[in-house]
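This report concerns only the one structure given below.
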Amino acid sequence: MQLSRLGERAVVVGGGIAGLAAAGVLARRFDQVDLLERDHYEAEPSVRPHAPQGAHVHILLAGGLHALTRLVPALPGWLDAEGLPEGDLTEHVRLAVGGRWLAKVRSGIPVRSCTRPMLEHLLLRDDGARGNVRVVTGCEVLRVEDRGDSSQVHIRVDDEPDRLDAALIVDASGRSSLYGKWLRVEGRSVVEDVVDGGVLYSPCGFEIPGALADDWMVLAATPEVPRQPNSAAIMRLGGNRLLVAMIRYGRPQPPTSPEEMLECMRALSVPEIHALLSVARPTSRVHNFSNTANRFRRYASVARPIPRVVVIGDPLCSLNPRHGQGMTTAAIGAEQLALALAEHRGAGDLTGFARDFQHRLTGALRQPWEMALI
């Protein structure tokens, strides 16, 4: 179906999963899409300085996998080519509770283990192939100006100021939320729901000699309270590479070395995890991440929202990564944007679109938000 044109230019702020997926959506409806990102992308997938959570264990759940596949039909084949095949949620994601493995059964629910840098790399490939997506890296977004029938984004690239006219702006800037800052500058407040479990994530890359068994994608062990309050997750990265994460509660002293992290994991009463890691060799430093509070900013309830600006991804709803929902909620946001634009009846007039969209996306994210609080 041929989609109608909505304007000359759309701007996406933030080049993570949500922003990259949104750029592909907007490229179908606008003459040009400018994707503004603070960091620079490397030729190969890598953790970006302003996205340290890219070092952590990530998984693409069924909702996110289906959403991204509808937006980027080539994605499953690209993931297969990278050695990241599709698995089954309860057959290939193995969970140990109280030191015992849950039964291995087939659920029919698909899942993919995939690092955030790899998924960003593949979405960037898709955006680049569209021909009308311009990626501006090393870009600092300063503010947004309402100009009546359009908006203007003030940016700085390599210390040079510039302005971009935009018919629609998508804030996918990360947990810090530029939209929230812009509202505060104008004296407007935002209701924010915050639930902080005090979780500390400590991931590290490893590799093992020889081949891995092919009957699992992720191994995870839950805490055994009160004996030991820690949990762990091990994700396959393709070949003999692993990403191992120690998950601790109450924000204890973080481990500073792979050896220290593995020592903490010896408290887990799961011998299979011990055996696997006993021959593992670290391939990275330990990354500690404590900014794990669940936050839902109620932008749909703002009395006077900024015209032509919508918010998706972490700036709207950022979740404790324990349930692995981050990439999925980002994908849901991009797909909801595509659906909302397809249903918009104003042709090139986007008046009122932002408010309607924020209400729509808030409803779509209710279930993952409630899951994160369990």
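The values are calculated or read from the model by the stated rules, or taken from the named source; none is laboratory data. Predicted, not measured: the structure shown is a model, and the values here were computed from it. Backbone-built Cβ (ideal geometry, glycine too); neighbour counts: all protein chains shown.
Within 30 Å of residue 7 (Cβ to Cβ), surrounded by 15 or more Cβ atoms within 10 Å (Cβ to Cβ) and of a type in the set (Lys, Arg): is that true of residue 28 in this structure?
yes
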Looking at segment 278-320, which of its residues are surrounded by fewer than 24 Cβ atoms within 10 Å (Cβ to Cβ) and assigned to a helix (DSSP H, G or I)?
278, 300, 301
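Okay, residues lined up against (1) among the hydrophobic types (A, V, I, L, M, F, W, C); (2) not assigned by TED's automatic domain parsing to the domain that holds residue 322:
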site	(1), (2)
215	no, yes
227	no, yes
234	yes, yes
266	no, yes
298	no, no
307	no, no
Can you tell me which residue among 93, 105 is touching a residue at least 60 places away in the same chain (Cβ under 8 Å) and either within 30 Å of residue 267 (Cβ to Cβ) or buried (at least 20 other Cβ atoms within 10 Å of the Cβ) (or both)?
93
With the checklist (1) modelled with pLDDT of 95 or more; (2) surrounded by fewer than 21 Cβ atoms within 10 Å (Cβ to Cβ) in hand, flag the one item residue 86 doesn't pass.
(1)
Out of all the residues in segment 63-70, is one or more among the aliphatic types (A, V, I, L, M) and not assigned by TED's automatic domain parsing to the domain that holds residue 238?
no
Identify, please: which residue in segment 65-84 is without any contact (Cβ under 8 Å) to a residue 24 or more places away in the chain and over 18 Å from the mean Cα position of the chain (by Cα) and is, among those, farthest from residue 226 (Cα to Cα)?
73
Can you tell me which residues in segment 214-251 are basic (Lys, Arg) and within 17 Å of residue 104 (Cβ to Cβ)?
236
Selected residue (criterion: farthest from the chain's Cα centre (by Cα)) from residues of segment 208-229 that are crowded, with 20+ Cβ neighbours inside 10 Å and under 19 Å from residue 98 (Cβ atoms)
221
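Checking the conditions here, which among 200, 212 is at pLDDT below 90, assigned to a strand (DSSP E or B), in contact with a Lys or Arg (Cβ under 9 Å, 6 or more places away or on another chain) and not charged (D, E, K, R)?
200
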Being in contact with a Pro (Cβ under 6 Å, 6 or more places away or on another chain) and among the aliphatic types (A, V, I, L, M) is the requirement here; does residue 62 meet it?
yes
Is it the case that segment 240-262 has a residue that's surrounded by fewer than 21 Cβ atoms within 10 Å (Cβ to Cβ), in contact (Cβ under 8 Å) with a residue 24 or more places away in the chain and among the hydrophobic types (A, V, I, L, M, F, W, C)?
no
Go through segment 179-196 and give me each residue that's free of Cβ contacts under 8 Å to residues at least 60 places away in the same chain and closer than 19 Å to residue 291 by Cα.
181
